[in-house]
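The block underneath contains the structure these notes are about, expressed in structure tokens.
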Amino acid sequence: RGLSSYAEMSMHIKRPEWERKSSLIAWTRGREDALIRFTAPAKDAGNALLKQGERMWTFNPKLNRNIRLPSSMMSQSWAGSDFSYNDLSRSDKWLRHYELNLAELGEQDGHTIYTIDAVPLDDAPVVWGKERMVIRDDFVLLELIYFDQDMVPLKRMVSLEVGELGGRVMATRMRMNDLETPDSYTEVAYDLMDFDMELDDRLFTVFALKSGRRR
């Protein structure tokens with residue numbers, strides 16, 4: 001993802017009774033800072049999420065206030081999707097809070113495929129019993145499965161399309177779904193990516209979250 005990034009993307013939430021499509025823009029810097037803002041539809045435009053390390057805030061333009069998210073809310077759904085706030089705050093948690101083991105090695109479409117089991121350390125602040133990652137040799141994450149404490153798989157994210165954006169090969173469309181409700185899912189598709197640009201320090205501030213400041 002580079003030292004910094006800018007993305008334009010769409011999100012499609014599908015439920016048996018309804019579905020919703022949204023447009024978003026996002027900036028990241030390093031492993032700690034991120035800002036995500038909805039741009040459409042009109043009723044969601046302006047809703048935003050700011051990440052600073054382990055801390056997160058949301059902004060709702062209707063309330064015109066920033067809200068700091070407590071740790072107890074991090075496992076809850078983000079914007080009604082199948083992604084949780086924890087999913088958005090991953091950064092380097094696999095390196096800090098998990099023991100990583102190579103479970104399987106294979107080949108697919110000319111790429112070496114690594115299956116890695118991430119088992120949380122005893123004192124890790126996580127809810128999952130294990131996470132299993134399937135990664136290509138060019139660092140594209142193909143699949144991520146979340147297991148509960150009894151090693152039952154509960155959530156799965158899969159990369160549906162892989163392509164080149166911003167000069168980098170990456171997953172351009174991903175789907176996350178609860179395995180207990182296979183007819184419900186959330187898809188995120190990247191439409192534009194830019195990497196390693198200069199970003200103002202003020203972009204990743206609580207003031208910018210509320211003011212709608214752009215790069």
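Considering only residues of segment 176-199 that are in a loop (DSSP other than H, G, I, E, B) and either among the β-branched types (V, I, T) or open to solvent by 60 Å² or more (accessible area, probe 1.4 Å) (or both), which is modelled with the lowest pLDDT? Steps first, answer last, please.
Filtering segment 176-199 for residues in a loop (DSSP other than H, G, I, E, B) gives 179-184, 196-199.
With either among the β-branched types (V, I, T) or open to solvent by 60 Å² or more (accessible area, probe 1.4 Å) (or both) added as a condition, the list becomes 179-183, 196, 198.
Values: L179: 94, E180: 92, T181: 92, P182: 86, D183: 92, D196: 94, E198: 92.
Residue satisfying both the conditions and the ranking: P182.
Do any strands (runs of 3 or more DSSP E) entirely within segment 37-155 hold 1 or more residues that are within 30 Å of E180 (Cβ to Cβ) and open to solvent by less than 40 Å² (accessible area, probe 1.4 Å), and if so, which?
Because the criterion is at least 1 residues that are within 30 Å of E180 (Cβ to Cβ) and open to solvent by less than 40 Å² (accessible area, probe 1.4 Å), the strands (runs of 3 or more DSSP E) in segment 37-155 that meet it are 48-52, 55-60, 98-108, 111-120, 130-136, 141-147.
For segment 164-175, name all the residues that are free of Cβ contacts under 8 Å to residues at least 60 places away in the same chain and either in a loop (DSSP other than H, G, I, E, B) or at positive phi (or both).
Answer for segment 164-175, where residues must be free of Cβ contacts under 8 Å to residues at least 60 places away in the same chain and either in a loop (DSSP other than H, G, I, E, B) or at positive phi (or both): just G167.
The values are calculated or read from the model by the stated rules, or taken from the named source; none is laboratory data. Given the structure is predicted, the values throughout are model-derived calculations rather than measurements. Backbone-built Cβ (ideal geometry, glycine too); neighbour counts: all protein chains shown. Surface accessibility is based on the protein's heavy atoms, side chains included, excluding ligands, DNA and RNA. Shrake-Rupley method; radii C 1.70, N 1.55, O 1.52, S 1.80 Å.
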